[in-house]
Amino acid sequence: LEYEFMLGPDVLVAPVLSPGEQQVSVYLPAGTWIHLFTGETHGQDQSGTWIDVEAPLGTPAAFVKAGSTAAQQILSRFTESQLAPQ
């Protein structure tokens, strides 16, 4: 929790800070979270959960809360610009 951060209540980022690392442990608050770059869903726990996520260079561990307005806007823009997988 020391290095991950939220952008508002619906966007979470957990950067890799060690050179050469390609995985990061992320605490996801309660709810369902969608990985911005892979489209995978995680969480669904009422009390939050820890997960390990691949985070190679160019694919950071960034999540949006499923069902939120932010998720709809961000995911649609990613799809439009083809930044995220279809």
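For a paramagnetic label modelled on residue 18 (point 7 Å from Cα along Cα→Cβ), amide N atoms under 20 Å away belong, within segment 42-66, to 50-62. Once C-alpha pairs closer than 8 Å and six or more residues apart are averaged by separation and normalised to the residue number of the chain, the relative contact order reads 30 percent. Using only the Cα atoms of segment 39-78, build the gyration tensor, take square roots of its eigenvalues as a ≥ b ≥ c, and label the shape rounded, prolate or oblate: rounded if a/c is under 1.5, else prolate if a/b is larger than b/c, else oblate. Here segment 39-78 falls in the oblate category.
With the cut-off at 1.5 for a/c, could you classify the chain from its C-alpha gyration tensor as rounded, prolate or oblate? Since a/c reaches 1.5 but b/c is at least a/b, the shape of the chain is classed as oblate.
Read-outs: derived from the displayed coordinates by stated rules, not from any lab. Predicted model, so just to flag it, every value in this text is computed and none were measured. Backbone-built Cβ (ideal geometry, glycine too); neighbour counts: all protein chains shown.
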